[in-house]
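The values are calculated or read from the model by the stated rules, or taken from the named source; none is laboratory data. The structure displayed is predicted, hence computed values, not measured ones. In this analysis, Cβ positions are derived from the backbone assuming ideal geometry, glycine residues included, and neighbour counts consider all displayed protein chains.
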Amino acid sequence: MRHLSGIAISKPTILVLDDDADVLGSLQFLLETHGFTVCTFRNPAAMLSWAKIHPFDCVVVDYKMPDIDGLQVVSRLRGSGIDVPMILVTGFPDELIFTKAAAAGVREVLLKPLFEDSLVARIREYLRESAPLS
């Protein structure tokens, strides 16, 4: 948490779900370098449980994972009333991924491996859009 003129300002919290530990570590480093608080998960069930009781500002989720895919995770989050920006990343795009992602409530689909700059830009854009007007 940062302090500005005596007012506490918390950094946006980004949840990242990817079953690949190397990708997860890379995304955590990238996002923390850009000033975000990052909570990482390799297990969808662990992330879904955590998300029920903790506040967060954005979700970045991998599409292809064992047992459950990223779209199912997004659908479960949306189904529990969570209305934050959600971004899907995939190295395996199919012809319908963009349509399926939009139907699940995904704001953006980014393609691996070269999505890092786009990811940070999109998160910042979506957080600005969802910020309360003062």
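Beta carbons closer than 8 Å, at least 6 apart along the sequence or on distinct chains, pair a first residue in the range 94-107 that is within 15 Å of ASP83 (Cβ to Cβ) and touching a residue at least 24 places away in the same chain (Cβ under 8 Å) with a second that is surrounded by 12 or more Cβ atoms within 10 Å (Cβ to Cβ) and β-branched (Val, Ile, Thr) for ALA104/VAL74; GLY105/VAL74; VAL106/VAL74; VAL106/ILE87.
Restricting attention to the range 40-49, the residues that are in contact with a strand residue (DSSP E or B) (Cβ under 7 Å, 6 or more places away or on another chain) and either surrounded by fewer than 17 Cβ atoms within 10 Å (Cβ to Cβ) or basic (Lys, Arg) (or both) add up to 0.
The test for being farther than 19 Å from ASP57 by Cβ and in contact with a Gly (Cβ under 6 Å, 6 or more places away or on another chain) does not hold for LYS100. Within the range 108-120, restricting attention to residues that are in a helix (DSSP H, G or I) and free of Cβ contacts under 8 Å to residues at least 60 places away in the same chain, the residue that is farthest from the chain's Cα centre (by Cα) is ASP117. The residue of the range 16-37 that is surrounded by the fewest Cβ atoms within 10 Å (Cβ to Cβ), among those that are under 22 Å from GLN72 (Cβ atoms) and touching a Leu at 6+ places or on another chain (Cβ under 9 Å), is LEU24.
In the set (1) farther than 15 Å from LEU15 by Cβ; (2) under 10 Å from the mean Cα position of the chain (by Cα); (3) of a type in the set (Phe, Trp, Tyr), PHE56 fails one condition alone, (1).
Beta carbons closer than 6 Å, at least 6 apart along the sequence or on distinct chains, pair a first residue in the range 1-21 that is of a type in the set (Ser, Thr, Tyr) with a second that is modelled with pLDDT of 60 or more for THR13/THR37; THR13/PHE56; THR13/ASP57. Scanning the range 46-71 for residues that are without any contact (Cβ under 8 Å) to a residue 12 or more places away in the chain and in a helix (DSSP H, G or I), we see that the one that is farthest from VAL89 (Cα to Cα) is ILE53.
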